[in-house]
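Following: one structure in structure tokens, then a few remarks.
What follows is calculated from the coordinates using simple rules that are stated; it is not laboratory data. Everything quoted here is computed from the prediction, not taken from an experiment. Cβ coordinates were reconstructed from backbone atoms using ideal geometry, including for glycine residues, and neighbour counts include every protein chain displayed.
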Amino acid sequence: GNNSSNSSSSFVWIEPTQNQLDTSPTFFHLNIQVPSNEVQIPSTDWEVWDNAMTERVWNAHTIGSLRFHTHTPDGTFEGSSAGPASLGFSSTYRVRIHYNFNNGSTSPWSDWRTFTTSAQPASNQSGNLTWTTVSGFKVEPFATDFDAPVHIAFPPQNMYNAFPQNQRPYFYVTELYGKVKVVYKNGSQSTYAENLLNFDPFSSITGGGQMGVIGLYVDEVTGDLFVGTVYVVNDTVKNKIIKFTTSNDGKSSLAQQTILDNLPSAPSHQIEEITKGPDGLLYVQLGDALNENNAQSDTILAGKIIRMNLDGSNVEVYAKGLRNPFGGDWRPGTSQLFVTDNSPNTNDRLLKINQGENYLWGTGTNEYVSKAIALLNPSPVDVEFNPGNAGFPEALTGKIYVAVAGPIYQQGQTHGKEIIEYTLNSAGNVT
């Protein structure tokens, strides 16, 4: 980092390293180590050149909202890469950055770092991919044609039994870029609510389409939906929770009310999951808003699990020290909450959450890891117990299922996308 003098040399650190970089010809993701004098830096300039240094192929200049973290849509392809907007497959490129300071000066350009894009997929990888399952399980398509689906949540299955299969709401889906869908018992779907974002999800403030509508809970008494989403006020990213009053047929929202807002957010690490605990309160999992110090702060709600009444009142911190707690579920018949938490590089965690506990993000790697009941890489997302009403009695004997996404910007069956089954003892530890 540019630690003291504006004239000192800058150093860029790309996360992950060259051999691990999640990058395709159309999408790459660059991080730099946050410097100690970050408050003096209103913006950063980023450049990608071809390996031979004959031309600049992409740039993102004067990026303020994403000073230390950026993605392809935040900048512009140029030169031979401008049309079509893409880098080459299996090609090496150079990247550098420099800082712009409040006094109008700039740092020197950083040292060059390199990355190599992924290989061109084989033709058979663009067709239907298959999943390999262990004995007793199968995977089959049920519903399709979603745009960036994030979370699903089920209403009580007897709530809409009076309706035909093609009109009986089976579950709801949040779509990242501003919609909630309802999926019916026969796999068909319709829109429950839309136009939920007040910004362009691919503008430079958003980190290349990473933020939007995510968290989802369906009330088991009323069928009403609680949805966590991001909104922007004066170029500042915030989180809020909206309660949707559901129509009698479950197909649409009759009214919506923001029950909690002004929560800290960022282009990622936002509201990730919403659940209801056995105490009847809402539990909301908040990412650290891309600032690890938030997770340890007792005055900032980011990096926490908070709980509240269903009307948004009496907000309190239930646990802290989380980085990006994406998935969460309650063990049936208990007061045990389990959460997946994504680390900055390795050591993603499955956690058992205890009230008042600090899960140690921002205090050191060893301490951070020590709270895990299981380590899993890369990118654990949803975690679910099956309540045992669909031929899966495992929930009653301590089985929990964790979905692992693999590297974020890669697709296909060979990049670590899997579902892992863990067996828990009565105390909630992995056996």
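Each of the peptides 36-45, 83-92 was scored by the mean count of other Cβ atoms within 10 Å over its residues; in descending order, highest first, they stand as 36-45, 83-92. This model, with +1 at the C-beta of Lys and Arg and -1 at the C-beta of Asp and Glu, gives the range 224-328 a dipole about its Cα centre of some 60 debye. Excluding same-chain residues fewer than 8 positions from K276, which lysines have a Cα within less than 27 Å of its Cα? Candidates past the 8-residue exclusion: K179, K181, K185, K238, K240, K243, K251, K304, K320, K352, K371, K399. Pairwise Cα distances in the range 280-365 exceed 21 Å for 24 percent of all pairs.
The H on the amide N of V381, modeled in the peptide plane, is under 5 Å from the matching H of A403, V404, A405, each at least 5 residues off or on a different chain.
Is the shape of the range 221-291 best called rounded, prolate or oblate, per the rule: a/c under 1.5 gives rounded, else a/b larger than b/c gives prolate, else oblate, with a ≥ b ≥ c the square roots of the Cα gyration tensor eigenvalues? It is oblate, given that a/c is not under 1.5 and a/b is not larger than b/c.
Listed values for the range 38-52 are Karplus-derived 3J(HN,Hα) couplings in whole Hz (6.51 cos²θ - 1.76 cosθ + 1.60, θ = phi - 60°), namely 4, 5, 8, 10, x, 7, 9, 9, 10, 9, 10, 10, 5, 5, 7, and x replaces Gly and Pro. Dipole magnitude for the range 213-280: computed about the Cα centre from +1 point charges on Lys and Arg Cβ and -1 point charges on Asp and Glu Cβ, it is near 180 debye.
When only Cα pairs below 8 angstrom with a gap of at least 6 residues are kept, the range 337-388 shows a relative contact order of 40 percent. Evaluating 6.51 cos²θ - 1.76 cosθ + 1.60 at θ = phi - 60° for every residue in the range 140-151, the Karplus couplings come out as 9, x, 10, 8, 9, 6, 10, 10, 6, x, 10, 10 Hz, glycine and proline recorded as x. Each listed q (0.11, 0.12, 0.16 Å⁻¹) maps to a log10 I(q)/I(0) for the range 31-182, found by the Debye formula over equal Cα scatterers with no solvent: -0.73, -0.80, -1.00. Here the relative contact order of the range 210-369, from alpha carbon pairs under 8 Å that lie six or more residues apart, stands at 15 percent.
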